[in-house]
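The values are calculated or read from the model by the stated rules, or taken from the named source; none is laboratory data. What you see is a predicted model; the values in this text were computed from it and never measured. We place every Cβ from the backbone using ideal geometry, glycine too, and count neighbours over all the protein chains shown. We work out accessible area using only protein heavy atoms, side chains counted, and drop any ligands, DNA or RNA first. Shrake-Rupley method; radii C 1.70, N 1.55, O 1.52, S 1.80 Å.
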Amino acid sequence: QVQLVESGGRLVQAGGSLKLSCAASGRTFSPYGMGWFRQAPGKEREFVSAISWSAARIRYADSVKGRFTISRDSGKNTVYLQMNSLKSEDTAVYYCAVGMRPVWPLPLGPNDYDYWGQGTQVTVSS
């Protein structure tokens, strides 16, 4: 029903910047929110950021506050993650997710999301 394709992941040096994109498609698209998660080798999948599609409410994990910025373009059904001042600990596979159910104020846990992309690899060298 909803398809997600992430792009933009690559190798970048510590202190550098990177912008990820997630394009969504489907017969209809009216999600409650979209979010980004990441998973490093041997680690659990963790929340990075989320944005409300209609109200534009935003949340960030403490580890990325002040460095990452989430945004969306409703006309393009696309969500972005601008990552600045990258650190080696940011290395992970980054996943885009869509939540169709209303979870107030924003869906923050993996179980709150209904559709997932395949992920894009971000590697930060030091």
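For region 24-41, a tally of residues being at pLDDT 90 or above and either open to solvent by 40 Å² or more (accessible area, probe 1.4 Å) or farther than 11 Å from Ser54 by Cα (or both) returns 8. Out of all the residues in region 1-54, which are among the basic types (Lys, Arg) and under 18 Å from Asp114 (Cβ atoms)? Hits for region 1-54 are Arg27, Arg45. The set of residues from region 14-45 being under 16 Å from Ser88 (Cβ atoms) and not small (Gly, Ala, Ser) comprises Leu18, Arg38, Gln39, Pro41, Lys43.
Check whether at least one residue in region 39-51 is over 12 Å from the mean Cα position of the chain (by Cα) and of a type in the set (Val, Ile, Thr), and report yes or no. No, region 39-51 contains no residue that is over 12 Å from the mean Cα position of the chain (by Cα) and of a type in the set (Val, Ile, Thr). Only one of the listed residues (Thr78, Thr69) is modelled with pLDDT of 90 or more, within 19 Å of Gln118 (Cα to Cα) and among the hydroxyl-bearing types (Ser, Thr, Tyr). That residue is Thr78.
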